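Please read the structure below before turning to the comments.
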């Protein structure tokens, strides 16, 4: 037989469970609402090197074309040429030669250029898999093989020369050991092809590879194609020297 006292003692326990469940639901709802109202991350500030610049009408116009290495030396080049030239670049990483061919007319625009300093290479010699991920040679394919690289460069030079600007080919900087998606010293063969194209086309060469190689341990990041802040300043000085020779 159930005693009346047992029923009375069970009621508080049930009531407690109901209260606990209610508090749990409220807590979960509050946490969910807080997660939904969590402020979004602020968008990353744009790279100053990839912002447009206003021309000073009396100065010559210089265009830098290249990948992230050129992005790295764009600002110090502008600083060194301040008051001497308007230094522009495409507002993007220019990637490999195939992208260059597809985008060059857009990058050149309609205005006159006095000097065009350009490079392609690091994104041509890299290895990617079917998902466009950086991989070792046995896991993927090289973006641009040497014969196609030479053909693409010749087309790029032909189009650049039509601008009437003084053209400077910039050699590809070193690929160190342990760089994901790239093979150490792969740039040497690509630079040899580019040097042949430049010589046959009669355009100037900025041997940035030699500049970087001479101080590689000091100015390049380990196991990485990129450079330190001071390293980009070293490259910028060489780039500026080649541009000033062209302007003079």
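The values are calculated or read from the model by the stated rules, or taken from the named source; none is laboratory data. This one's a predicted model, so the numbers in the text were calculated from it and none came from an experiment. Glycine also receives a Cβ, built like all others from the backbone with ideal geometry; neighbour counts cover every protein chain displayed.
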Handout entry: Test: residue 184 is in a loop (DSSP other than H, G, I, E, B), without any contact (Cβ under 8 Å) to a residue 60 or more places away in the chain and farther than 22 Å from residue 221 by Cα
Key = no
Exercise for the section: Go through the residues of the range 83-92 one by one and say whether even a single one is surrounded by fewer than 19 Cβ atoms within 10 Å (Cβ to Cβ) and within 22 Å of residue 157 (Cβ to Cβ). Expected result: yes
Exercise for the section: Scan the range 137-158 for residues that are exposed (fewer than 15 other Cβ atoms within 10 Å of the Cβ) and in contact with a strand residue (DSSP E or B) (Cβ under 8 Å, 6 or more places away or on another chain) and jot them down. Expected result: 137, 139, 141
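Pick from the range 198-212 the residues that are in contact (Cβ under 8 Å) with a residue 40 or more places away in the chain and surrounded by fewer than 22 Cβ atoms within 10 Å (Cβ to Cβ): which of them is nearest to residue 128 (Cα to Cα)?
Ranking the qualifying residues of the range 198-212, first place goes to 198.
Conditions (1) at pLDDT below 95; (2) touching a strand residue (DSSP E or B) at 6+ places or on another chain (Cβ under 9 Å), marked per residue:
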residue	(1), (2)
160	no, yes
163	no, yes
168	no, yes
174	no, yes
180	yes, yes
188	no, no
192	no, no
200	no, no
Problem - Qualifying residue in the range 116-129 (condition: surrounded by fewer than 20 Cβ atoms within 10 Å (Cβ to Cβ), under 18 Å from the mean Cα position of the chain (by Cα) and over 27 Å from residue 233 (Cα atoms)) - result: yes
Exercise for the section: Would you be able to say whether some residue in the range 23-37 is at pLDDT below 95 and in a loop (DSSP other than H, G, I, E, B)? Expected result: yes
Exercise for the section: Say whether the condition of being assigned to a loop (DSSP other than H, G, I, E, B), assigned by TED's automatic domain parsing to the domain that holds residue 133, more than 21 Å from residue 108 (Cα to Cα) and touching a residue at least 60 places away in the same chain (Cβ under 8 Å) is met by at least one residue in the range 190-197. Expected result: no
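Yes or no, residue by residue, for (1) part of a loop (DSSP other than H, G, I, E, B); (2) in contact with a helix residue (DSSP H, G or I) (Cβ under 9 Å, 6 or more places away or on another chain); (3) in contact (Cβ under 8 Å) with a residue 40 or more places away in the chain; (4) farther than 28 Å from residue 86 by Cβ:
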position: 149; (1), (2), (3), (4): no, yes, yes, yes
position: 157; (1), (2), (3), (4): no, yes, yes, no
position: 163; (1), (2), (3), (4): yes, yes, yes, no
position: 168; (1), (2), (3), (4): no, yes, yes, no
position: 176; (1), (2), (3), (4): yes, yes, yes, yes
position: 224; (1), (2), (3), (4): yes, no, yes, yes
position: 235; (1), (2), (3), (4): no, yes, yes, no
position: 240; (1), (2), (3), (4): no, yes, yes, no
Problem - Counted residues, the range 88-104 - those being without any contact (Cβ under 8 Å) to a residue 40 or more places away in the chain and closer than 19 Å to residue 166 by Cα - result: 2
